Amino acid sequence: MKPDEALCQRVLNRVTECMALAARHTGRDFDPPTVRFNQRGRIAGSAWLERWELRFNPVLLADNEADFMADIIPHEVTHLVAFACFGKVKPHGREWQHIMRSVFGLEPRTRHRLNTARVAPTFAYDCGCRRHQLSLRRHNKVQRGKQRYQCLHCNTLLSLSVTDTTRRKVP
Ligand SMILES: [Zn+2]
Ligand SMILES: [Zn+2]
């Protein structure tokens, strides 16, 4: 899946803006990085230091644009800036945290809180007392008869909910 062109352009603009902000703060010039939209899985984005490249997850981007603009893009840009200024340092170490705070005024968080429903679907299962959400991996094990899961509260075996409307296929 590729995000639409207007969205790609907004991401590129934000990357440019972040790089310019970092350049102003550090008094250095940075080449514009290559930006790709091929990050898979639950990962929102990644920074490839030697390649000077940023990769963003198109599915998460489409569902969480505001978080990308406010947090994910500055986060990944900061990895590049830290590399340019300090060389190979700990990915979320002191240098990275310092740039996040001083350049972008952001709390240096390392885990995103995005809606991952479409990249990491869950499956509803019922016991005798409540609704459980199983990961795709666990769901597949149950469906292949390789594993059974029991509710810790009522000790009933979980079975796939027949009333579940949130279940979807992996895109
Ligand atoms: Zn990071
Ligand atoms: Zn139960």
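Restricting to region 122-159, name every residue that is in a loop (DSSP other than H, G, I, E, B) and in contact with a strand residue (DSSP E or B) (Cβ under 6 Å, 6 or more places away or on another chain). If the condition is that a residue be in a loop (DSSP other than H, G, I, E, B) and in contact with a strand residue (DSSP E or B) (Cβ under 6 Å, 6 or more places away or on another chain), then R148, L158 are the ones that fit.
Given the criteria touching a residue at least 24 places away in the same chain (Cβ under 8 Å), within 16 Å of ligand 1 (Cβ to nearest atom) and either under 17 Å from the mean Cα position of the chain (by Cα) or surrounded by 15 or more Cβ atoms within 10 Å (Cβ to Cβ) (or both), does C18 qualify? Yes: the conditions hold for C18. When you look at L61, is it closer than 27 Å to N38 by Cβ and in contact with a Pro (Cβ under 9 Å, 6 or more places away or on another chain), yes or no? Yes: the conditions hold for L61.
Take E76 and tell me if it is over 10 Å from the mean Cα position of the chain (by Cα), on the phi < 0 side of the Ramachandran plot and surrounded by 15 or more Cβ atoms within 10 Å (Cβ to Cβ). Judged against the criteria, E76 is a match.
Against the condition surrounded by 12 or more Cβ atoms within 10 Å (Cβ to Cβ) and within 16 Å of ligand 1 (Cβ to nearest atom), how does L114 come out, does it pass? Answer is yes for this residue. All of V119, V103 fail the test of being over 17 Å from S46 (Cα atoms), out of contact with any strand residue (DSSP E or B) (no Cβ under 9 Å at 6 or more places or on another chain) and of a type in the set (A, V, I, L, M), apart from V103. Just name the residue that is farthest from ligand 2 (Cβ to nearest atom) out of those in region 124-154 that are touching a Leu at 6+ places or on another chain (Cβ under 6 Å) and free of Cβ contacts under 8 Å to residues at least 24 places away in the same chain. Ranking the candidates gives R148 first.
Comparison of F56, F86, F104 shows that the only residue that is of a type outside the set (K, R), more than 18 Å from A6 (Cα to Cα) and free of Cβ contacts under 8 Å to residues at least 60 places away in the same chain is F86. Within region 99-124, the residues that satisfy the criterion of being closer than 21 Å to L160 by Cβ and among the small types (G, A, S) are A117, A120, A124.
Before we move on, is F56 more than 16 Å from ligand 2 (Cβ to nearest atom), within 28 Å of R28 (Cβ to Cβ) and surrounded by 16 or more Cβ atoms within 10 Å (Cβ to Cβ)? The answer is yes for F56.
Taken together, the values in this text are just the output of simple stated rules run on the coordinates, not laboratory data. Not measured: the values here are computed from a predicted model. As a convention, Cβ positions derive from the backbone with ideal geometry for all residues, glycine included, and neighbour counts pool all protein chains shown.
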